[in-house]
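Encoded as structure tokens, the structure appears first; notes follow it.
The values are calculated or read from the model by the stated rules, or taken from the named source; none is laboratory data. Everything numeric in this text was worked out from a predicted model, so none of it was measured. With ideal geometry, Cβ positions are generated from the backbone for all residues, glycine too; neighbour counts draw on all protein chains shown.
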Amino acid sequence: MKKAIDAAFSLVARRLDAPLTATIVLLVAVGIAVIYSTSGGNAFDRPLGQLRNFAVALTAMWLVANITPQQLMRLALPVYIVGLALLVGVALFGDIRNGARRWLNLGFVTIQPSEIMKIGVPLALAWYFHKREESLRIVDYAVAVLLLAIPAGLIMRQPDLGTALLIFSSGFFVILLAGLSWKILISLAVAGGAALPFVWGMLHDYQRQRITTLLDPSSDPLGAGYHIIQSTIAIGSGGLLGKGWLNGTQGQLDFIPERSTDFILAVFGEEFGLIGIVALCALYLVIIARGLMIAMNASTVFSRLLAGAITLTFFTYIFVNMGMVSGILPVVGVPLPLISYGGTALLSMLVGFGILMSIASHKHLVAS
Amino acid sequence: MIGQTLRNREAEFIVFRNRLVLVSLAIVVLFVLLVGRFVYLQVVMRDHYHTLAEANRISVVPIVPNRGLILDRNGAVLAANYSAYTLEVTPGKVQNLEQALDDLGQIIEVSPRDRRRFKKLIEESRNFESLPIRSRLSEIEVARFAANRYRFPGFEIRARLFRQYPYGEIASHAIGFIGRINDADLKRIEAAGSNAKYKGTDHIGKLGIEGSYEAELHGVTGSEQVEIDAGGRAIRSLARSEPVSGNNLVLSLDINLQKVAEEAFADHRGALVAIDPKTGEVLALVSKPGFDPNLFVDGIDPANWDVLNNSPDTPLNNRALRGQYPPGSTIKPFMALLALESGKRTPDYSISDPGYWTLPGVQRPFRDWKQGGHGSVNLYRSIVVSCDTYFYGLANDVGIDAIYRFMTQFGFGGKTGIDIDGEVPGLQPSQEWKMQRFKQKWYSGDTISVGIGQGYVLATPLQLAAATAMVANGAIPVTPHLLREIQDSRSGARRPASFKARAPFNIKPEHLKLVQSAMADVTRPGGTAARAGAGAPYAIAGKTGTAQVVAMKQGEKYDEKRVKERLRDHALFISYAPAGEPRLAVAILVENGSHGGATAAPIARELYDYFLLGKLPVRINRAGGDIEESD
């Protein structure tokens, strides 16, 4: 009997990374507590919904963690190609919701293909650099940039600047870690800087407005600037120690828009103060440090590039969201990882962690 | 070489490791940057944002006090409050108001009248004010609107207290009405420094008791600190100071007597003031036609307003206080008192009346109303038959200065001091006055007309009532007033109202007695109001009067049938009853009523019958030609 329990426990736990799993559970629990607070402290449908989302995402993480990196590598190209095909499909046949063409109706299910590419792009790039190991040339980087630019461009056209930015950075991290020379990186950066006016010209009005609003939120206090003004008021009024769980006035009274999703940090900051935010950052740092450690110890080019890119993308989410909520970055629709309410984001996040765990737990197998 | 190629696995790994270290450093730096930002927001700027957050969420909402009730002397409610749902609109928040109102009309009933009234309101108010479009919504309408509320930004259902005047037109001029606060009111409120008191209040007393006792009726506005959400909706109360309801006012008015009085007027225009001669309490104050004060409470619609404002009958004019008429022969009892007091006439002195009187040295005669005259007339008879000739000579003998001094003691030519606004002083002419007004000296002929209440002299029905009360009470001046008691809204204690009166003056009792008994004979057979007094089980002391509307040349005969209704003389009747121990003094003016004895005196009779006997009006035939009739 005891053996059976041990065997079952081992089946469940042997591929899971203990520090990562523990920190994730802790963060999601904090997230659910804040979500409970954002729903007025008396409604349970959102907290319970997030709990259900977490259960699904956790299962997915466990499944992915049990796939070997070799199997993942074999999946890389198919996932990328299917994702790309769907993105093209979106561009041609996608449903328009809220003024953006992001959704694709497959008849039985409606999906947002850009979510697949959050994993698909780093997977494909890591796979590509793995294939080109020991024979990397400048032309390989060009191919990599192309692999990255096509989906990123398609997503930006939807338009979905936030996701495009995140997918672009996830691919960029792979290329950066793969070792593209600084000279090229810097000249690319300069070229990118020079291209900014053209990019500005390509942006949609609402995207431009987000950027001008960032520079001067008070220019449009009831429109685009409202988010930033209200979230900084909430965070600032939280002070050092915060107003206490369920006691935040700005979040409770509906002043913060999207307070359970993208702007949940405003509620968190109001109720738990600077202490809470520093603690939150510390937990995030634990995950990032563990991810970078896994990347460092990974045994193949594919594994280490993928692990590194996933970890850095995770950080990018955090930085963009915190920057946006605290008013130093433009408002782009990026949720706060593991805290914000929402199933899709949580699922793609935990699939990413599943890959990290797979890499961490399978390195000995690969080595032997 | 730009295209650096790495063939060595180890080298590739080293590059990877270096970059990872670099990236880690970058991450740490960026986290420090973020935390720095939060330190700035939450530590450095904490107070600033704390203030903003409090301002965000706390709103001080005024709580409007209940307006005090207005009751008659027997406790009948004359002005009441009731709460009802209204649908209000803030025009500034609505993009296309016309369209929105059309859409609204499909959900709840919005009549053309409502829309016109609303349009008038918009013109009179500011864009950010919340204005009622519909009041008295039914539960079903409230529910129907609530379900469609999202379609109507800027529209809001509110529970509001409304004023209602259950008696409608009855006593409307005395009670007055409340209306929405307009710019002029606002300036007055600001000048009085009552801004805080009127926060949240959108109605104010405009006329009558509602207007003059606004300060008592309004009450003290309370306030509530509420936590509001981003949509401005109140979530919970943080602190509350209760409002204090306005005080109730108990009037001296007897609404049933008032009703009898108004009904007695039938279709006549005119005014009636009935006061208690001992106290000055006003028991009835009529100005016909009246108006329905309920129309004004929520802003009057243009159609009704035009009717009231442009009617040739001027229903909005309070004739009792503001109508200035020549008192005509009703001045005679006072002139008679003056004659006795001044010693210019004795009770026994008689004249032989040929039907006219001539001023020495003047050709043109002053005619008596009765052709051929009244024969031998002493002071007593001059009142009973209303002999003009007697008073022509009397006026000439006493002179205008004595008349002025004496009449002002009875309150003529000055405001009575009644406790509602709008009273006018009438006119008691004097030499000085004429010099100031017309830059002309006073002629003896001017005095003769004044002696029979014509010429320059003008009086309001209210002044006549107050003066009549003095005849009844022994020449003690009284201040007519409508307020009897103020009932404190908190303690319920009643505090009687008190009004200062002019200093009394001496009149010999026997002089007063003589005039009083002559007045009592006016309503007896042989008097000018004999028909009105016929069969009454109590004695009425009175005096009829006729006030000329068009000036007629002396010698021209007044032909009643020829003169159009509007040009007919006004009928007057002053009286008190019972003659022995007066309980009510009444002045009545019927516009274009021709003869006081025929149209005005019967109204007094109906009033006394009800007041003294509790008898509801037995209509007296007023059509017939009365032989004793008038002066």
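Brief remarks on what is shown
- Hits in segment B:91-110 (condition: assigned to a loop (DSSP other than H, G, I, E, B), surrounded by fewer than 16 Cβ atoms within 10 Å (Cβ to Cβ) and at pLDDT below 85): B:Gln95, B:Asn96
- Residue match in segment B:407-416 (condition: surrounded by fewer than 19 Cβ atoms within 10 Å (Cβ to Cβ) and more than 30 Å from B:Ile209 (Cβ to Cβ)): no
- Restricting segment B:1-24 to residues that are modelled with pLDDT under 90 and more than 7 Å from chain A (Cβ to nearest Cβ), the residue that is surrounded by the most Cβ atoms within 10 Å (Cβ to Cβ): B:Phe13
- In segment A:46-73, the residues that are of a type in the set (Val, Ile, Thr) never reach a residue that is at pLDDT 95 or above and loosely packed, with under 15 Cβ neighbours inside 10 Å with C-beta atoms less than 8 angstrom apart, at least six apart or across chains.
- Restricted to helices (runs of 4 or more DSSP H) entirely inside segment B:400-489, those with at least 1 residues that are more than 22 Å from B:Ser575 (Cβ to Cβ) and in contact with a strand residue (DSSP E or B) (Cβ under 9 Å, 6 or more places away or on another chain) are B:431-438, B:444-451.
- Failed condition for B:Ile27, given (1) touching a residue at least 40 places away in the same chain (Cβ under 8 Å); (2) at the interface with chain A (Cβ under 8 Å from one of its Cβ atoms): (1)
- Counting only strands (runs of 3 or more DSSP E) wholly contained in segment B:217-273, the ones carrying 1 or more residues that are modelled with pLDDT of 90 or more and away from chain A (no Cβ under 14 Å) occupy B:248-251.
- Every listed requirement among (1) surrounded by fewer than 21 Cβ atoms within 10 Å (Cβ to Cβ); (2) within 19 Å of A:Leu312 (Cβ to Cβ) is met by A:Met117 save one, (1).
The rows are residues; the columns are (1) under 17 Å from the mean Cα position of the chain (by Cα); (2) within 14 Å of another protein chain (Cβ to nearest Cβ).
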| position | (1), (2) |
| --- | --- |
| A:Ala126 | no, yes |
| A:Arg132 | no, yes |
| A:Leu136 | no, yes |
| A:Ser170 | yes, yes |
| A:Trp182 | no, yes |
| A:Leu196 | no, no |
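- B:Asp368 being at pLDDT below 90 and of a type in the set (D, E, K, R): yes
- Residues satisfying the stated conditions in segment A:257-287, i.e. among the β-branched types (Val, Ile, Thr) and part of a helix (DSSP H, G or I): A:Ile264, A:Val267, A:Ile275, A:Ile277, A:Val278, A:Val286, A:Ile287
- The residue that is farthest from the other protein chains (Cβ to nearest Cβ), counting only those in segment A:313-344 that are more than 14 Å from the chain's Cα centre (by Cα), surrounded by 21 or more Cβ atoms within 10 Å (Cβ to Cβ) and among the hydrophobic types (A, V, I, L, M, F, W, C), is A:Val331.
- Residue that is farthest from the other protein chains (Cβ to nearest Cβ) [pool: residues in segment B:31-69 that are assigned to a loop (DSSP other than H, G, I, E, B) and within 30 Å of B:Ala80 (Cβ to Cβ)]: B:Leu69
- Residue match in segment B:313-332 (condition: among the basic types (Lys, Arg), more than 27 Å from B:Phe265 (Cβ to Cβ) and in contact with a Phe, Trp or Tyr (Cβ under 9 Å, 6 or more places away or on another chain)): no
- Among the residues listed as A:Val320, A:Val334, the single one being within 19 Å of A:Pro257 (Cα to Cα) and part of a loop (DSSP other than H, G, I, E, B): A:Val334
- Every condition in (1) part of a loop (DSSP other than H, G, I, E, B); (2) touching a Leu at 6+ places or on another chain (Cβ under 8 Å) holds for B:Leu87 except the one numbered (1).
- If you go through segment A:227-256 and pick out every residue that is part of a loop (DSSP other than H, G, I, E, B), more than 10 Å from chain B (Cβ to nearest Cβ) and not aliphatic (A, V, I, L, M), you end up with 3.
- Where helices (runs of 4 or more DSSP H) sit wholly within segment A:98-179, those with at least 1 residues that are touching a residue at least 60 places away in the same chain (Cβ under 8 Å) and among the basic types (Lys, Arg) occupy A:113-131, A:138-157.
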